[in-house]
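Colleague: Below are the structure tokens for one structure; questions will follow.
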Amino acid sequence: MAARSRTSSITTSTASSRRRTGRSRRSIAASRCRGRPERAARAGRATDRCQRIAAADRAPSGRLQPRRLKSREGWDVLIGRNNEGNDYLTHHLARPEDYWFHVHGAAGSHVVLRRGKGKNEPSKQTVEEVAAWTAFYSQARTAGKVPVIVTRKKYVRKPRKAPPGSALCEREKTVMVKPQEPPRSSLQESSDVGME
């Protein structure tokens, strides 16, 4: 009995130390694999793990790349194409200070309005324009007026064990807009897609 409780307390302390450092198992495994192929070869199965981790660190496929648009005032806008692309856009590409848009009460694309690094804020017209694009790229595109959630990306998180494309947001504001297709002039060249 004493051995079991001792073992479980060791496991708990390891988990709590991982929580304190903020590193996931994947990041710890990745640090073990980088630059040490001989160690991975000795471990046998570790080679496969290192290859999977290296594949995950590479650039994403074209399916995950978002649509890239420019608003009338010159703000960069990124629009997800599918569930996996929404997940990649929201949780990997978007910065904490970017604005995040999603239609309320229906399925649709995640949309990110890039803020840049300064204290600049988009105008109300830009927010409404991007919200109208968000409504267009959703299942509510044929509705008259659509509620669209607007918040900063830092208030958006993925629920634990949720499927791709899921997101929970806090501190959101709702904008009522009419769905509007973005003009062809706002599309950026596809050569910009891989650059970040």
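Colleague: Rank the residues Arg63, Arg157, Arg184 as a footprinting-exposure proxy: fewest other Cβ atoms within 10 Å of their Cβ go first.
Modeller: Arg184, Arg63, Arg157
Colleague: Here is a follow-up. Taking θ as phi - 60°, what are the ³J(HN,Hα) couplings along the stretch 96-111 by the Karplus curve (6.51, -1.76, 1.60), each to the nearest whole Hz, with x for Gly and Pro?
Modeller: x, 8, 5, 8, 10, 10, 7, 5, 8, x, 8, 6, x, 6, 7, 10
Colleague: With respect to the cross-link table entries Lys117/Lys178; Lys70/Lys119; Lys117/Lys173; Lys119/Lys173, which display a Cα-Cα separation exceeding 28 Å?
Modeller: Beyond 28 Å: Lys117/Lys178.
Colleague: Given the stretch 63-185, what whole percent of its Cα pairs are spread farther than 18 Å?
Modeller: 46 percent
Colleague: Below 8 Å between Cα atoms, with a sequence gap of 6+, how large is the relative contact order for the stretch 63-185 in percent?
Modeller: Relative contact order comes out at 26 percent.
Colleague: What are the ³J(HN,Hα) values, in whole Hz, obtained from phi via the Karplus relation 6.51 cos²θ - 1.76 cosθ + 1.60 with θ = phi - 60°, for each residue of the stretch 166-171 in sequence order, with x given for Gly and Pro?
Modeller: So the Karplus estimates, Gly and Pro as x, are 7, 7, 10, 10, 10, 6 Hz.
Colleague: Sticking with this structure for a sec: Between Gln139 and Arg63, with labels modelled 7 Å along Cα→Cβ, what's the label distance in nm to one decimal, could you check?
Modeller: 2.1 nm
Colleague: Let me ask another. Students often get this wrong: which residues of the stretch 75-103 have the backbone nitrogen under 17 Å from the point 7 angstrom along Cα-to-C-beta of Leu187?
Modeller: 77-82
Colleague: For a footprinting-style exposure proxy, rank Arg152, Arg160, Arg171 by other Cβ within 10 Å, fewest first.
Modeller: Starting with the residue having the fewest Cβ neighbours, the order is Arg160, Arg171, Arg152.
Only the coordinates and a few stated rules stand behind these numbers; no lab work does. Everything numeric here is computed off the predicted structure, so don't read it as measured data. Quick reminder, even Gly has a Cβ in these numbers, built from the backbone with ideal geometry, and neighbours come from all protein chains shown.
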